Amino acid sequence: MPETEEEGWYVAKTYRQERKIKELLTRMGVKHFVPFHETVKEIGGKRKKVEVPFISGLIFVHGRKKECISLINDYGYPMRYVRDFSSRSLLRVPDKQMEDFIYLVEHHENEIEVLPHDLRRGDRVRVVAGSFAGIEGELVRIAGHRRVVVRIDNLFTVATVYIPGSYLEKIDG
């Protein structure tokens, strides 16, 4: 299958347009992921609950490369796709990584933190017990605690809270 026909998750950047783009993609029926979360901010001297992007400026669009590019070229969406540093092609997130990322953000938002993408790599592991069972990632130590990270290459890393070693199994790859 030619590269333009490959379906997958493509990563786009925007500046303060996440909500608008999410609404446009929803109306068009385009599969996407733009995570938001509630936080308390002080607005005009009053504390209010507001919904803000979980990762500011990032949008994940699922589809064929050509269709994703047409969102910008044909429909004028205010975003640009992120390119892979080494190949210079559009950055495409593997399905398993995206599934794990979506699961962590949607079900464990208060138990994860987003870290820079250049975190030192460790062993590949799978969580076999507990609320993160099934998640695959890398074993790292952050602030002296064992954690599993799911990397979205060249963008960021999501880290779990502490996970006991007995909940982990090493995997090849």
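The values are calculated or read from the model by the stated rules, or taken from the named source; none is laboratory data. Predicted, not measured: the structure shown is a model, and the values here were computed from it. The protein model used for the area step is the full one, side chains on, heavy atoms only, and it has no ligands, DNA or RNA in it. Shrake-Rupley method; radii C 1.70, N 1.55, O 1.52, S 1.80 Å.
Report, in listed order, any pair from 13/170; 13/96; 20/46 with a Cα-Cα distance greater than 32 Å.
Details: 13/170 34 Å; 13/96 21 Å; 20/46 26 Å.
Over 32 Å Cα-Cα: 13/170.
Ignoring any ligand, DNA or RNA, what whole percent of the accessible area of the range 132-172 comes from carbon and sulfur when the probe is 1.4 angstrom? It would help to have the intermediate numbers written out before the result.
Working: 840 of 1770 Å².
Of all accessible area on the range 132-172, carbon and sulfur atoms account for 47 percent.
With a 1.4 Å probe and every protein chain left in place, work out the accessible area per residue of the range 1-134 in Å², rounded to a whole number. Mind showing how you got there, number by number?
Working: 8420 Å² over 134 residues.
Computed with neighbouring chains in place, this is 63 Å² per residue.
Could you please state, rounded to a whole Å, how far the C-alpha centre of the range 26-97 is from the C-alpha centre of the range 122-173?
When both Cα centres are located, 24 Å separates them.
On a full-extension model of 0.36 nm per residue, what is the gain between residue 129 and residue 30, subtracting their alpha-carbon distance, rounded to one decimal in nm? Spell out each step's value before the answer.
Values: separation 99, 0.36 × 99 = 35.64 nm, distance 3.41 nm.
Gain on stretching residue 129 to residue 30: 32.2 nm.
If you take log10 I(q)/I(0) by the Debye sum over Cα atoms at q = 0.11, 0.17, 0.19 Å⁻¹ from the coordinates, which of (i) -0.46, -1.19, -1.49; (ii) -0.53, -1.11, -1.26; (iii) -0.56, -1.01, -1.23 do you get?
Label of the calculated value: (ii).
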